[in-house]
Amino acid sequence: MSLLELRDVTRTVIPPDQPALTILNGVDLTVEPGDRISIVGRSGSGKSTLLNLLGLLDMPTSGLLTFDDRPVKSYSGAARDRVRGAQIGFVFQQFNLLPGRTALENVAMPLLYAEGRSFWRRKQLAAEMLQEVGLGDRMESMPDRLSGGEQQRVAIARSLVRGPRLILADEPTGALDLDTGSSVMQLIDEVATRTGAALVTITHDPAIAARARDHFRLDRGVLTRADSDELAAASEAIS
Ligand SMILES: Nc1ncnc2c1ncn2[C@@H]1O[C@H](COP(=O)(O)OP(=O)(O)O)[C@@H](O)[C@H]1O
Ligand SMILES: [Mg+2]
């Protein structure tokens with residue numbers, strides 16, 4: 001049983017007064033529980049468009065997209081929102097923390113939409129998650145009092161507090177320096193390993209990509225498996 005599957009997926013948009021633009025073309029990808037996948041592509045290659053499909057934020061124009069072996073097309077909009085909220089965690093380059101709310105309040109936020117125990121225990125769960133990302137002593141801090149690396153840790157805690165089975169990271173280290181970036185990636189890896197979640201990382205940084213087990217390249221909307229030796233050489237050359 002696979003967690004997520006794309007078969008011959010195409011995404012086309014029709015911008016106003018312009019011809020149709022095919023952003024993704026014939027994409028095949030299978031994500032199994034516990035997978036570590038990296039997708040590398042230059043700016044404009046379709047990475048964010050692909051991530052939106054993987055995150056059930058968008059639907060293919062043609063082809064098959066399944067979650068838990070069920071076509072996403074067959075979910076109602078509300079069911080898709082529920083699956084996304086409970087089972088998918090997003091980490092973006094921008095931390096998107098709510099200003100004027102403490103780290104603890106930011107991390108507890110997604111649990112307002114959870115049911116039962118998770119809802120009632122949200123403060124406790126958020127506090128545990130902040131401990132796990134090494135911010136146990138900054139729970140009452142406002143985002144603007146935290147460094148970039150700390151803000152990304154809060155954002156990671158918030159993404160992972162509901163225990164998603166799929167973690168989608170779009171340039172997660174893009175706004176961080178090299179060392180902070182690599183410790184943030186290690187943290188995401190550790191949480192994914194502890195919870196058994198699958199992790200898909202989209203990046204243009206070969207060193208970040210090399211941490212994954214399966215490597216893909218996206219070039220003008222076409223996804224191909226990348227050679228990991230090639231990737232290792234590219235990351236050597238940069239570091
Ligand atoms: N809704 C849209 N309408 C028109 N063009 C779009 C739309 N979404 C994305 N594009 C174009 O498709 C290409 C791929 O976009 P995107 O997935 O954001 O790439 P990446 O994340 O790899 O930089 C870009 O050229 C972008 O301008
Ligand atoms: Mg993008």
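Worth pointing out:
- Residue range of the chain that is longest and free of trypsin sites (Lys or Arg not before Pro) which are both DSSP loop and sparsely packed (at most 11 other C-beta within 10 Å): 43-212
- For Ile23, nonlocal amide neighbours, meaning residues 5 or more places apart or on other chains whose placed amide H falls under 5 Å from its own, are Arg11, Thr12, Val13.
- Most mobile of Ala114, Ala212, Ala169 in a GNM of the chain (Cα contacts under 10 Å): Ala114
- Whether the range 113-173 is rounded, prolate or oblate, judged on the alpha carbon gyration tensor where a/c under 1.5 counts as rounded: oblate
- Phi angles of the range 17-33 translate, via the Karplus equation with coefficients 6.51, -1.76, 1.60 and θ = phi - 60°, into HN-Hα couplings of 6, 9, x, 4, 10, 8, 8, 10, 9, x, 7, 10, 7, 10, 10, 9, x Hz per residue; Gly and Pro are given as x.
- Axis angle, to the nearest 10 degrees, between helix 122-132 and the longest C-alpha principal axis of the chain: 80 degrees.
- The phi torsions of the range 168-185, fed into the Karplus equation with coefficients 6.51, -1.76 and 1.60 and a -60° offset, translate into couplings of 10, 10, 10, 6, x, 10, x, 9, 10, 6, 4, 5, 4, x, 6, 6, 5, 5 Hz, rounded to whole numbers, with Gly and Pro shown as x.
- Crossing angle, helix 77-87 versus the chain [Cα axis fit, 0-90 degrees, rounded to tens]: 60
- Axis angle, to the nearest 10 degrees, between helix 148-160 and the longest C-alpha principal axis of the chain: 80 degrees.
- Among beta bridges that DSSP assigns inside the chain, antiparallel share in %, nearest 5: 50
- Projecting the Cα atoms of Gly77, Ala127, Thr10 onto the charge dipole of the chain (Cβ charges, centred on the Cα centre) puts Gly77 farthest toward the positive pole.
- Mean-position separation - Cα centroids, the range 80-143 and the range 151-171, in angstrom: 9
- Fraction of the pair-distance distribution of the range 4-238 above 30 Å, Cα-Cα pairs, percent: 27
- Build a GNM of the chain with springs between Cα atoms under 10 Å apart, and of Ser48, Ser118, Ser76 the one that fluctuates most is Ser76.
- Calculated [θ] (222 nm, deg cm²/dmol) that DSSP helices of n ≥ 4 give over the chain, each run adding -39,500 (n - 2.57): -10500 deg cm²/dmol
Rule-based calculations on the coordinates, nothing more; no lab input. Treat the numbers as computed from the prediction; the structure is a model and nothing was measured. Neighbour counts are summed over all protein chains in view; Cβ atoms, including those assigned to glycine, are modelled from backbone coordinates with ideal geometry.
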